[in-house]
């Protein structure tokens with residue numbers, strides 16, 4: 001019976017072919033380590049956020065007068081409403097943890113390099129969409145931090161030359177963050193995840209076209225590729241289990257860890273909190289914003305700090321494939337960058353004293369310096385490595401890649417003559 | 001794996017900066033044990049509903065919810081007075097009255113424990129930090145210039161034994177307000193133990209599944 005149904009479908013839709021091509025026969029490098037789990041985990045968190053979010057939206061009221069109380073209604077009276085909300089609020093932080101690790105993996109192993117530039121760039125678009133979604137979602141509880149965070153960030157658009165004030169009013173729908181703002185942020189917070197889903201689809205199509213990279217940075221010989229299912233389905237599921245243990249620990253035992261205590265006070269437009277801090281995942285970028293004394297300059301630097309990742313495939317000029325595995329100088333640069341981002345996050349959380357401002361400026365300088373140093377460093381490193389002679393391991397990999405390439409070309413030729 | 005450890009540590013650094021920020025203001029709070037036993041909750045509720053609700057509302061708590069911390073219907077009927085059992089612990093008169101008396105509306109207490117760093121510990125410390133200045137005026141060392149009167153008369157009590165009793169009351173009030181801020185905390189933790197147990201076993205099974213699957217590759 002099942003076979004009949006499937007063959008009926010197969011005559012009308014490439015179901016079996018699809019499963020074969022994308023899953024059971026999809027060749028995946030066997031040397032992928034656990035850092036390759038995080039793309040799957042990001043997909044899982046996206047689904048979790050959409051499902052919990054849709055159920056929350058059934059009880060939430062996007063109205064300046066009702067929003068705060070409707071959240072309390074969810075927390076107290078809706079059956080397991082507290083679970084839905086804590087899954088969603090912890091999920092937001094989990095999303096960024098997973099995405100930041102996913103990005104760090106890409107940077108560490110240099111997997112943004114050809115032919116995976118489009119994967120890197122679609123990933124960038126996803127990051128920006130995710131940030132926008134998270135920012136708008138954070139206004140919805142209508143607490144003090146929600147309100148003043150939105151007030152400060154929408155204010156930044158006032159730095160637009162000539163039409164700054166108009167842009168701010170256009171974004172808010174009012175002269176200050178108010179009822180019009182919360183309503184539109186709710187609509188967009190509901191819409192954006194579906195844009196993200198569409199972008200994820202493109203990200204995945206690109207992935208299945210260029211195939212997974214691997215820690216070595218070389219294209220592996222055919223014998224070192226294994227089917228995605230069952231090997232990586234089981235590996236990803238185990239990773240998911242570990243993720244859920246950590247995630248649920250926060251949801252059930254420390255759900256308020258990621259929620260600013262000030263946000264339990266309803267938004268009060270007449271009372272500015274002493275110290276406005278964004279959510280932890282925006283802290284490094286917030287520190288860069290504050291490091292520049294001029295507002296327009298700060299906004300430009302903050303936007304650049306995210307967009308500059310786009311240039312990575314061109315900034316890395318080394319002929320030696322991959323990232324840190326066989327390139328010690330690149331590896332050092334990676335760690336400098338990661339530690340520096342941690343410093344920026346720390347600075348972003350502190351009140352702006354003189355010492356903090358200085359530290360923020362130094363860290364901002366290092367942040368951009370790392371990107372600007374990369375083209376020269378990668379060239380020098382390449383020269384140095386070639387002079388020193390490549391190790392046996394790397395030579396084997398080059399040989400594997402070449403034989404892989406030969407076979408690929410041979411198949412392409414066969415196809416050509418067939419036609 | 002080992003090569004990636006430093007980056008994991010860097011990530012932990014980012015997380016800990018967040019924690020640092022949360023921990024610093026509460027370091028000056030009294031290190032008091034707050035036990036959420038039904039008795040403490042009930043005593044705390046009685047204290048808050050007699051001493052605090054004259055000026056503060058508890059907008060998001062309804063009288064019937066008091067049944068969940070161990071009161072019976074008779075006791076709740078006494079606590080609610082003329083109010084409906086489904087009504088929130090809220091009186092619109094308070095807003096007008098306090099505004100004319102103190103010049104501002106005292107904060108709503110339903111979420112106050114979550115709204116302050118240190119949660120119940122903050123409330124306990126605040127209530128027991130009233131002291132008399134040399135000129136006889138009363139002030140609070142946690143919140144200098146506070147306009148809330150010393151409801152426990154802590155500043156005028158000097159006897160250690162009497163102060164112990166007041167501290168007990170402050171502790172119960174803190175426990176009750178932690179409950180009003182997060183009434184499902186106990187259910188959540190109980191469910192959490194089951195969820196964690198299930199997930200840990202399930203993850204172990206997935207690990208064995210992964211190992212068994214990958215063992216087919218050996219020698220290939």
Unique residue being more than 14 Å from chain B (Cβ to nearest Cβ), in a helix (DSSP H, G or I), in contact with a helix residue (DSSP H, G or I) (Cβ under 6 Å, 6 or more places away or on another chain) and under 30 Å from residue A:387 (Cα atoms) when the list is A:301, A:329, A:311: A:329
Of everything in region B:94-118, what is within 13 Å of another protein chain (Cβ to nearest Cβ) and in a helix (DSSP H, G or I)? Give them in sequence order. B:112, B:113, B:114, B:115
Tell me, yes or no, whether region B:186-208 has at least one residue that is in contact (Cβ under 8 Å) with a residue 60 or more places away in the chain and part of a loop (DSSP other than H, G, I, E, B). no
Using the structure shown, decide if residue A:59 is more than 13 Å from chain B (Cβ to nearest Cβ), more than 16 Å from the chain's Cα centre (by Cα) and assigned to a loop (DSSP other than H, G, I, E, B). yes
Can you pull out every residue in region A:83-96 that is within 14 Å of chain B (Cβ to nearest Cβ) and without any contact (Cβ under 8 Å) to a residue 40 or more places away in the chain? A:84, A:85
Looking for something touching a residue at least 60 places away in the same chain (Cβ under 8 Å), in a helix (DSSP H, G or I), over 20 Å from residue A:96 (Cα atoms) and facing another protein chain (nearest Cβ under 8 Å) - is there at least one such residue anywhere in region A:264-272? yes
Determine if region B:129-152 includes at least one residue that is more than 14 Å from every other protein chain (Cβ to nearest Cβ), over 29 Å from residue B:66 (Cα atoms), touching a helix residue (DSSP H, G or I) at 6+ places or on another chain (Cβ under 6 Å) and buried (at least 16 other Cβ atoms within 10 Å of the Cβ). yes
State whether one or more residues within region A:360-378 are closer than 30 Å to residue A:27 by Cβ, at pLDDT 90 or above and either part of a helix (DSSP H, G or I) or touching a helix residue (DSSP H, G or I) at 6+ places or on another chain (Cβ under 9 Å) (or both). yes
Close pairs from region A:241-257: first more than 7 Å from chain B (Cβ to nearest Cβ), partner not in a helix (DSSP H, G or I), Cβ under 7 Å, at least 6 apart: A:250/A:257
Going through B:175, B:142, B:76 one at a time, which residue ends up being touching a residue at least 12 places away in the same chain (Cβ under 8 Å), part of a helix (DSSP H, G or I) and under 21 Å from the mean Cα position of the chain (by Cα)? B:175
Might you let me know whether region A:33-43 holds any residue that is farther than 28 Å from residue A:176 by Cα, in a loop (DSSP other than H, G, I, E, B) and in contact (Cβ under 8 Å) with a residue 24 or more places away in the chain? yes
Being in the same structural domain as residue A:72 (by TED's automatic domain parsing) and either under 30 Å from residue A:394 (Cα atoms) or surrounded by 20 or more Cβ atoms within 10 Å (Cβ to Cβ) (or both) is true for just one of A:243, A:334, A:249. Which residue is that? A:243
Just one of (1) within 20 Å of residue A:371 (Cα to Cα); (2) surrounded by fewer than 20 Cβ atoms within 10 Å (Cβ to Cβ); (3) without any contact (Cβ under 8 Å) to a residue 60 or more places away in the chain trips up residue A:78, so point out which. (1)
In region B:49-66, anything surrounded by 14 or more Cβ atoms within 10 Å (Cβ to Cβ) and in a helix (DSSP H, G or I) is listed as B:49, B:51, B:52, B:63, B:64, B:65, B:66
Within region A:150-181, restricting to residues that are in contact with a helix residue (DSSP H, G or I) (Cβ under 6 Å, 6 or more places away or on another chain) and under 24 Å from residue A:72 (Cα atoms), the one that is surrounded by the fewest Cβ atoms within 10 Å (Cβ to Cβ) is A:181
In region B:177-214, what residues are more than 7 Å from chain A (Cβ to nearest Cβ) and either within 30 Å of residue B:46 (Cα to Cα) or modelled with pLDDT under 95 (or both)? B:177, B:178, B:179, B:180, B:181, B:182, B:185, B:186, B:187, B:190
Looking at (1) in the same structural domain as residue A:227 (by TED's automatic domain parsing); (2) farther than 22 Å from residue A:228 by Cα, which is the only condition residue A:4 fails? (1)
Of the residues in region A:273-298, those that are buried (at least 19 other Cβ atoms within 10 Å of the Cβ) and within 14 Å of chain B (Cβ to nearest Cβ) come to A:277, A:278, A:279, A:280, A:281, A:282, A:283, A:284, A:285, A:286, A:287
Kindly indicate the residue of region A:212-236 that is buried (at least 19 other Cβ atoms within 10 Å of the Cβ) and more than 30 Å from residue A:402 (Cβ to Cβ) and also farthest from the other protein chains (Cβ to nearest Cβ) among those meeting that condition. A:236
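The values are calculated or read from the model by the stated rules, or taken from the named source; none is laboratory data. Quick caveat, the model's predicted, so the values are computed rather than measured. Here Cβ is always computed from backbone atoms with ideal geometry, including for glycine, and neighbour counts include all displayed protein chains.
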